[in-house]
Structure formats: structure tokens, C-alpha cells
Amino acid sequence: MVLLLMPLAGLRAAGPPNFVWIIADDMSPDAGAYGVKQVGTPNLDRLAAEGCRYARAYASAPVCSSSRSAFILGCYQTTTGLHPHDVENPQPLPAPYRHLPGLLREAGWFVTNAAAPGAKRNGKTITKGKTHYNFAHDPAEMFDGDDWRKRKAGQPFFAQFQITEPHRPFPIPTTFDDAKLRAIELPPNYPDTPLMRRDWYAYQRSVEVVDERVGGILDQLKAEGVLDQTIVMFFADHGRPMPWGKQWLSVEGLQVPLILRGPGVGRGRVESRLVSLIDLAPSMLELAGLEVPPWMEGQPVLGAAFPGRSVVFAARDRCGDAMDRIRAVIGRDFWLVQNFNPGLSRLNWSGYKEAGYPAMPLLRVLQASGRLESFPSKWLTPARSAIEFYDLKTDPQGLHDVSGDPRHAEALASMRQQLDAWITATKDRGASGDPVTEPSLERIMKDKRADYERIWKSRVRKPGPTDAERLAWWMKSYGLE
């Protein structure tokens, strides 16, 4: 299927295209357009009906700054050395790398970055958009401002809108719809408890806020008379913020919604071929009639020559105070994960998760009391397999490791070879850990632990609360005393 029905030459003849990126934080494909029935997303559903929905789009990292650093450059974060999440001491981009906003701005586009209309923080309206890149940047040199409507008459624009939802903390609803609570389809590697359901319910309501923000952006474009002359791309930086999603090279952690609408884009189309978020930057450059730099590892996916690749890759490295190194290769039918530190548990300490995820103490309390069912319990083992392998044909959520099944031995060996070749060809800089400009891991862990202690002391009036005490606080917060 050719996505752009209008030839590129014809599209450019109509004038330089406008581009809009609408970027949600921490969202899996949890919208009505993707078949999720418990969430009301009329604006995203309309966007998909009027454009193209990607069924197999993936982030290159399961965490914000690493993923954002990759898709703004069109290049894997492990190639550029921007792989650790939440870099403490960001450095300028080394040659030859250049970010997409700078390339388009230099070519005449008016480039902006803004919070979505209606966004608030602490009750106050915010206009500045999130960047969270792992490289040093001057917003005044990267962007022309935060309002694309301030461009010169006739000037093409590239506007980014950042939506903070559904990043944690979720607003906890004051009331819960019992029918929607019961209808939630929890993945089988999560315990089915009232707290887990209420936390998932809060996430889904936050997704509905994303949809409201998208509606406001589309209304703004329509009011200015440019909606039908603008290529709109909605996506998330990585998957949902749940224990086995964000920070993990899982389907839940990497698969994202990607919906496009605009001139030449087929209406109501579904693209099932593999796409990485690092493909967006080169795709836009091609549409703009600009040269795609040879160092960009993404490939244009919006023209007639859709990449014929059979796999995409992803990586996870240090996430805050949680050190790890994991790589994945994703194919049409199979998913391979290599854990370079198999001695680490999936409960490897993360101050961010321990402060913000109610399921973290819940999982341990259930496990300690023998009340955790056997399948969720497998995800809490003290070590992981060095190689995990998933058959997406029979297990689309990627939950049942079949690496020991001899029927998959040939496919597993092939994907291991592809992963090894990618690591070698891209000179994977995660092999040497953090950049030398970063503080020591010990210092980072100490600082993050102090943050964690401050948060919990403010909640329970004591430092170092137990899992049971933290769980009790979450139960009370969700109205489950």
C-alpha cells in the first residue's frame, strides 16, 4: 500500500507542506481507533478515519529522553551516545548530527514547540513544550517560539505540540464507573486486584485527556484555515507507564500509536508494515524536498518507496538510577530480547517507579503473602533469561517466552544474528555504559534515593516506609481503605 496517494512532486508543487507533530507522553495504542473499547477517544478516532493508522509503530527506547533524542535526530540513540535516560550533564550534539527542527528552520520553515492548548501545571496555563533531549540545546536557536500562528504570511511551519498526559502522576478520579472498571482488560502478567484496576482506570481517563488536547489542536488548525494543507502526525514517545511497560523492551513498553492525516494521505487506511519513530524525521525531510543526511538511520515511510525491511531495533540503558542494558529486534512475526545483565530482576530498583507506581509495592506484598498467581509471579523472579523470544503470531502481547522451544530455533538464531550485526554496524555506544561526562552511578543512585525518601516522607511522615505501608497509602489514595 502506498500511503501518499499524491506523488511527492505534486505535493510539493502545491507549496511547501506544513507539518504538525502531536506527541503524547507514555501512551500505548490505547484508543478506540486501535480497538480499545473502554476509552473514549473521538478526536483520535476521527483523525484515523480521515487519515492513516499505523498498526506496527515502535519507539526506539521505552523511556522519554532516549526516545525523544532518537526521533528528533532520525537516528538510534545508541549510535549517537544519547542512550541513558535522564542525562545529568548533557553535551552539545557532536558532528555530523543535527536535529530536525534546525534542518527545517534553516530551509525556511517556521518551527515551534508548545504545550497543547488547555495544558495546565499546578492550576496555571502553560505554553512551553517539553523537549527532554539528552543533548544540550538552546531553545531560542532550535525554535522560533511556541505559536506557529506568528509566522510570516505564507511561510510553511513545523509545529510540535507536547501533551504531558498520560505521564504519571495520573489524576485520581473522585468517582469510578463500575461498568468501565469491570470492562478493563488487564494483561495476564498483572494481578487482577481493585487497586490495579483503579490505577488502570486512572490511566485510561488520562488518555481521554490526550484526546481532548488533540481535539483542541485540530480545532486551532481548522480555525486558521490550514488543517487540510497540513500533515498532522500523532504519536507517543513510548508505551504506557505501567510496571512491565515503560522502561522495558516489551510490546507494552515500545509499541505506540501513530496516526497521520493530511494532503495525499489515504483516508481510513491501516498500515501494518514495521515503522520506527526514527523514520519520522527523514520522512518529513523527503516530503519537504530536502536531502536526507546519510547518517540518519531512519527511512522515509511516506512516499512510494516504503522501506522493505523486515525488522526494527530498540534499546534500553540506564533509566535514572536503574542501570541495565537490553536490546531488542522486532520482526513481523517474532520479537527477540537480549538481556546483557540477566542477573538483574525486573524489580531492579527504580526510584521513579517506586515513588509513582502503586503496583510496585502491590506486587511484592502479594508475592510475599503467596497471593500472586503463578503467571504474574514469573515476572518477579530474581533473574531473567539472557535471551527472550516471543511468537507474535500466537502471542501478540509478547508475554510467553518460547526461547526454549526447538520449533523456533531457526527463527531465533536468525534474529540473534540480525541483532548482533546491528550492534556491530551501529557501534552501539551503550556497551561502554554512560558517557564519561556523566556523574558516577553511585552519585546518581544516591541523589535519586534522596528524592524518593523525600517524596515518601511527605506522604507517610516517616522515611523508608515498608512495602505494606506504601501500599496502604496507595489504597487510601484510590479510595480503597
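Trypsin sites (Lys or Arg not before Pro), restricted to the stretch 327-420: which are DSSP loop and have at most 14 other Cβ atoms within 10 Å?
Details: sites: 327, 332, 346, 353, 364, 371, 378, 384, 393, 407, 416; in loops: 332, 346, 371, 384, 393.
In loop regions of the stretch 327-420 (DSSP not H, G, I, E or B), the sparsely surrounded trypsin sites (Lys or Arg not before Pro) are 332, 371, 393.
Quick one: grab the alpha carbon gyration tensor of the stretch 84-158, order the square roots of its eigenvalues as a ≥ b ≥ c, and give me rounded if a/c is under 1.5, else prolate or oblate depending on whether a/b is larger than b/c. Before the final figure, lay out each step's value.
Values: a/c = 3.11, a/b = 1.08, b/c = 2.88.
It comes out oblate by the Cα gyration axes.
Would you please give the residues with an amide H less than 5 Å from that of residue 276, counting only those at least 5 places away or on a separate chain, with H modeled from the backbone geometry?
Those lying under 5 Å, H to H, from residue 276 are 58.
Grab the Cα-Cα distance for residue 459 and residue 407, subtract it from 0.36 nm times how many residues apart they are, and report the gain in nm with one decimal.
Working: separation 52, 0.36 × 52 = 18.72 nm, distance 5.14 nm.
Result: 13.6 nm gained on full extension.
Restricting to DSSP loop positions (anything but H, G, I, E, B) with no more than 15 other Cβ atoms inside 10 Å of their own Cβ, which GluC sites (Glu not before Pro) remain in the stretch 326-421? Working shown, then result.
Working: sites: 354, 373, 388, 410; in loops: 373.
Here the GluC sites (Glu not before Pro) that fit, given the DSSP loop and packing criteria, are 373.
With charges only on Cβ, +1 for K and R and -1 for D and E, what is the dipole size of the stretch 89-155 about its Cα centre, in debye, rounded to 20?
On the way: 11 positive and 6 negative charges, 74 e Å.
Dipole about the Cα centre, nearest 20: 360 debye.
Once the other residues with Cβ under 14 Å from the Cβ of residue 178 are scored (Lys, Arg +1; Asp, Glu -1), what is the net sum?
Working: positive: 180, 182, 197, 198; negative: 177.
So the environment of residue 178 carries a net charge of +3.
Identify all aspartates and glutamates with a Cα-Cα distance to residue 150 below 15 Å; exclude those on the same chain that are fewer than 8 residues away in sequence.
Correct list for residue 150: 224.
Would you mind calculating the relative contact order of the stretch 250-320 from Cα pairs under 8 angstrom and at least 6 residues apart, reporting the percent as a whole number?
Working: 45 pairs, mean separation 18.7, N = 71.
Computed over the stretch 250-320, the figure is 26 percent.
Would you mind checking which residues have amide H under 5 Å from residue 159's amide H? H placed 1.01 Å from N; only 5 or more apart, or other chain.
So residue 159 has HN proximity to 19, 20, 21, 112.
Rounded, prolate or oblate: pick one for the stretch 195-343, where a ≥ b ≥ c are the square roots of the eigenvalues of its C-alpha gyration tensor, a/c under 1.5 means rounded, and failing that, prolate if a/b is larger than b/c, else oblate. Show your work: numbers first, answer last.
Working: a/c = 2.18, a/b = 1.24, b/c = 1.77.
In terms of gyration-tensor shape, oblate.
What nm distance separates the two modelled labels at residue 122 and residue 341, each placed 7 Å from Cα along Cα→Cβ?
3.3
When a/c is below 1.5 the answer is rounded, else prolate if a/b is larger than b/c, else oblate, so apply that to the stretch 178-228 with a ≥ b ≥ c taken from the square roots of the Cα gyration tensor eigenvalues.
prolate
Lys/Arg Cβ at +1, Asp/Glu Cβ at -1, dipole of the stretch 258-323 taken about the Cα centre: which of 264, 280, 300 is farthest positive-ward?
Among 264, 280, 300, the one farthest towards the positive end of the dipole of the stretch 258-323 is 264.
Can you compute the label reach from residue 418? Point 7 Å from Cα along the Cβ direction, backbone N cut-off under 16 Å, restricted to the stretch 47-76.
Those under the cut-off are 56-60.
PRE reach from residue 446 (point 7 Å along Cα→Cβ): which of the stretch 333-363 fall under 13 Å by backbone N?
Within reach of a label on residue 446: no residues.
Quick check: convex hull over the Cα atoms of the stretch 8-477, volume per residue in Å³, rounded to an integer?
Working: hull volume 69.4 nm³, N = 470.
Per-residue hull volume (Cα only) is 148 Å³.
Normalising by the residue count of the chain, find the relative contact order in percent from Cα pairs under 8 Å and 6+ residues apart. Could you put the intermediate results ahead of the total?
Values: 952 pairs, mean separation 111.3, N = 481.
Once divided by the residue count of the chain, the mean separation gives 23 percent.
Can you compute the charge dipole magnitude of the stretch 314-472 about its Cα centre, using +1 on each Lys and Arg Cβ and -1 on each Asp and Glu Cβ, nothing else charged? Give it in debye, rounded to the nearest 20. Write down the numbers at each step before the final one.
Values: 26 positive and 22 negative charges, 129 e Å.
Dipole size: approximately 620 debye.
Placing +1 at every Lys and Arg Cβ and -1 at every Asp and Glu Cβ, with all other atoms neutral, what dipole size does the chain have around its Cα centre, in debye to the nearest 20?
Once rounded to the nearest 20, the dipole reads 660 debye.
Coordinate-derived values only; no laboratory data. Please read these numbers as outputs of a predicted model, since none were measured by experiment. Positions of Cβ are backbone-derived with ideal geometry, glycine not excepted, and every protein chain shown enters the neighbour counts.
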